[in-house]
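Undergrad: Input: one structure, supplied below.
The values are calculated or read from the model by the stated rules, or taken from the named source; none is laboratory data. All values derive from a computational prediction rather than experimental measurement. Every residue, glycine among them, receives a Cβ derived from its backbone with ideal geometry; neighbour counts consider all protein chains shown.
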Amino acid sequence: MEDHPVFRQGLVQMVNAEKDLTVCGQASEADPALKDITRLAPDLVLVDISLAGKSGLDLIKELRAVNRKVKILVVSMHDEALYADRVLRAGGDGYIMKQEDPDEIIHAIRDVLGGHIYVSEEVLAGGSKGTLSASKIKNRPLDQLTDSELEILELLGRGKSNQEIARQLDLNLATVTANCALIKKRLNLKSANALLRYAVCWAETGEA
């Protein structure tokens, strides 16, 4: 599941070029993807953190609730050190960044299909699934955000207003506004404009 068509098509072609791997479906939005996964029953699902409709983390949790056996590998632009632990705790089996060499992405796919956890050695650092050592991961302000706060930050960076975020996440406006205030405080940002600039930079580059 990937909401950038060019990258998605490239990923499909790359996987299909392998003699023993075949893409059985693709989607740009989470809810249709969940239905397709239930219908097609793939061995492995590739998920992006940024999806139309809901976050990849929420999709992983929903998918795990209905299918305990399918393997889930996240392929995303966002910093692995920030998201890998969250993905594993949500029920994912691995995390690799889009910038990696295509051969390494295929290696990650095979690793996860083989029943292994795939993350970089720097992030794994002696941990195990769902219990990556926080002391081994660089501490930064973004690490203080909850999954929900990260999702709101992402949507702000993608140009959504507070009202649009409230509708998309099925929250009331006051809750979104309060979360924005908490995010601003956790990131030590002085104004709403500073928060917006930070969010846009992070959503576009995966860094802030």
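Undergrad: Give the residues of the stretch 50-109 that are touching a residue at least 40 places away in the same chain (Cβ under 8 Å), farther than 23 Å from THR38 by Cα and out of contact with any strand residue (DSSP E or B) (no Cβ under 7 Å at 6 or more places or on another chain), sorted by residue number.
TA: Within the stretch 50-109, HIS78, ASP79, ALA81, LEU82, ASP85, ARG86, PRO102, ILE106 meet the criteria.
Undergrad: For the stretch 23-52, enumerate the residues that are aliphatic (A, V, I, L, M) and surrounded by fewer than 14 Cβ atoms within 10 Å (Cβ to Cβ).
TA: LEU40, ALA41
Undergrad: Within the stretch 55-70, can one find any residue that is of a type in the set (A, V, I, L, M, F, W, C), surrounded by 14 or more Cβ atoms within 10 Å (Cβ to Cβ) and touching a Pro at 6+ places or on another chain (Cβ under 7 Å)? Lay out the reasoning, then the answer.
TA: So the first thing to find is which residues in the stretch 55-70 are of a type in the set (A, V, I, L, M, F, W, C), and the list is 57, 59-60, 63, 65-66, 70.
From what's left, surrounded by 14 or more Cβ atoms within 10 Å (Cβ to Cβ): 57, 59-60, 63, 70.
Pick out the ones that are also touching a Pro at 6+ places or on another chain (Cβ under 7 Å) and you get 70.
Yes, that holds for at least one residue.
Undergrad: From (1) surrounded by 13 or more Cβ atoms within 10 Å (Cβ to Cβ); (2) at pLDDT below 90; (3) not hydrophobic (A, V, I, L, M, F, W, C), pick out the condition that doesn't hold for LYS138.
TA: It fails just one condition, (1).
Undergrad: For GLU204, are the conditions met, namely being out of contact with any Leu (no Cβ under 9 Å at 6 or more places or on another chain), in a helix (DSSP H, G or I) and over 22 Å from LYS61 (Cβ atoms)?
TA: Working: out of contact with any Leu (no Cβ under 9 Å at 6 or more places or on another chain): yes; in a helix (DSSP H, G or I): yes; over 22 Å from LYS61 (Cβ atoms): yes.
Here the answer is yes, as GLU204 does meet what is asked.
Undergrad: Can you confirm whether the stretch 86-99 contains a residue that is surrounded by 22 or more Cβ atoms within 10 Å (Cβ to Cβ), of a type in the set (Asp, Glu) and more than 19 Å from LEU145 (Cβ to Cβ)?
TA: yes
Undergrad: Residues in the stretch 13-22: is at least one touching a residue at least 60 places away in the same chain (Cβ under 8 Å), buried (at least 17 other Cβ atoms within 10 Å of the Cβ) and not assigned by TED's automatic domain parsing to the domain that holds LEU150?
TA: Yes, because at least one residue in the stretch 13-22 is touching a residue at least 60 places away in the same chain (Cβ under 8 Å), buried (at least 17 other Cβ atoms within 10 Å of the Cβ) and not assigned by TED's automatic domain parsing to the domain that holds LEU150.
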